[in-house]
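Student: Structure provided below as structure tokens; questions to follow.
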Ligand SMILES: [Zn+2]
């Protein structure tokens, strides 16, 4: 079952889609994409395609992708083919989408299959609808992850850089050190509305990002100390009161887990290969 909502936030059209195979009380996730004039930021997952709005009256001229993950790029080829929309992304996003990328079984179930497509690389100057905008490369969630900043409106399209104040589970490919650097870079910008792909914040978006960075900094510091003292990884999870989410770990075949986040710090500190 597809879950969907629509709202306008500070003049931006906010499209939210989720997937609930066992009924809406078991909604697995939701993801948003945004429309501003002729521009879409991200495209939602393939799973939501049947429920997408009909844009034939006002076809979008361009899509800006925050990163290649399927829940963000899943309908890019559809918009390209149906409306002739230009698709733009980071130089690291383009080759991944051109060849297609392997996805885990859980991702295929939750988001749908991936479709290879050719995209263009962001020009130096971009616009979002009528507004001048900047793209910023902030890797760490994925190598290619970008955010879009609209200074005149105080908007930040943050892809997956926020999601929540506290993060408990971690993909194997995520990098905490890079995400902390990225958050510091974003906090130097002047914005209030945070167009997060999973949890948009109309007001106080910058505070939310700062809260997340504080959480990450504290987490990193505490876990790094345990690593340096030689505390076994599982023991440091116990000491910090973190329990593994076995359901998530099982469902994602180990791609997403609580332990992954600890492993990332131990690795960064040179205590794991
Ligand atoms: Zn992502």
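The values are calculated or read from the model by the stated rules, or taken from the named source; none is laboratory data. In this text, all values refer to a predicted model and were calculated from it rather than measured experimentally. Quick reminder, even Gly has a Cβ in these numbers, built from the backbone with ideal geometry, and neighbours come from all protein chains shown.
Student: Take residue 52 and decide whether it is away from the ligand (no atom under 12 Å from the Cβ) and out of contact with any strand residue (DSSP E or B) (no Cβ under 6 Å at 6 or more places or on another chain). First the steps, then the outcome.
Tutor: Details: away from the ligand (no atom under 12 Å from the Cβ): yes; out of contact with any strand residue (DSSP E or B) (no Cβ under 6 Å at 6 or more places or on another chain): yes.
For residue 52, the condition - away from the ligand (no atom under 12 Å from the Cβ) and out of contact with any strand residue (DSSP E or B) (no Cβ under 6 Å at 6 or more places or on another chain) - is met.
Student: Go through 207, 181 for me and flag whichever is out of contact with any helix residue (DSSP H, G or I) (no Cβ under 9 Å at 6 or more places or on another chain), within 26 Å of residue 101 (Cβ to Cβ) and more than 16 Å from the ligand (Cβ to nearest atom).
Tutor: Answer to the selection: 181.
Student: Just give me the residues in segment 7-49 being farther than 19 Å from residue 107 by Cα, out of contact with any strand residue (DSSP E or B) (no Cβ under 6 Å at 6 or more places or on another chain) and assigned to a strand (DSSP E or B), in sequence order.
Tutor: 8, 9
Student: Quick one: is residue 198 at pLDDT 95 or above, surrounded by fewer than 18 Cβ atoms within 10 Å (Cβ to Cβ) and not in a helix (DSSP H, G or I)?
Tutor: It is true that residue 198 is at pLDDT 95 or above, surrounded by fewer than 18 Cβ atoms within 10 Å (Cβ to Cβ) and not in a helix (DSSP H, G or I).
Student: Would you mind stating whether residue 253 is out of contact with any helix residue (DSSP H, G or I) (no Cβ under 9 Å at 6 or more places or on another chain), closer than 26 Å to residue 27 by Cα, in contact (Cβ under 8 Å) with a residue 40 or more places away in the chain and surrounded by fewer than 20 Cβ atoms within 10 Å (Cβ to Cβ)?
Tutor: Numbers: out of contact with any helix residue (DSSP H, G or I) (no Cβ under 9 Å at 6 or more places or on another chain): no; closer than 26 Å to residue 27 by Cα: yes; in contact (Cβ under 8 Å) with a residue 40 or more places away in the chain: yes; surrounded by fewer than 20 Cβ atoms within 10 Å (Cβ to Cβ): yes.
Taking the combined requirement at face value, the residue does not satisfy it.
Student: Condition first: in contact (Cβ under 8 Å) with a residue 60 or more places away in the chain, touching a strand residue (DSSP E or B) at 6+ places or on another chain (Cβ under 9 Å) and either outside any loop (DSSP other than H, G, I, E, B) or farther than 22 Å from residue 72 by Cα (or both). Can you find one or more residues in segment 209-222 that meet it?
Tutor: Residues of segment 209-222 that are in contact (Cβ under 8 Å) with a residue 60 or more places away in the chain, as a first pass: none.
No, there is no match, as no residue in segment 209-222 is in contact (Cβ under 8 Å) with a residue 60 or more places away in the chain, touching a strand residue (DSSP E or B) at 6+ places or on another chain (Cβ under 9 Å) and either outside any loop (DSSP other than H, G, I, E, B) or farther than 22 Å from residue 72 by Cα (or both).
Student: Related question: Do any strands (runs of 3 or more DSSP E) lying entirely in segment 65-175 carry at least 2 residues that are surrounded by 21 or more Cβ atoms within 10 Å (Cβ to Cβ) and within 16 Å of the ligand (Cβ to nearest atom), and which ones are they?
Tutor: Values: elements: 86-89, 126-128, 131-137, 146-150, 155-159.
Strands (runs of 3 or more DSSP E) meeting the threshold: 146-150, 155-159.
Student: In the set 245, 236, which member is surrounded by fewer than 19 Cβ atoms within 10 Å (Cβ to Cβ) and more than 30 Å from residue 190 (Cβ to Cβ)? Full working, then the answer.
Tutor: On the way: 236 fails: surrounded by fewer than 19 Cβ atoms within 10 Å (Cβ to Cβ).
Every option except 245 fails the conditions.
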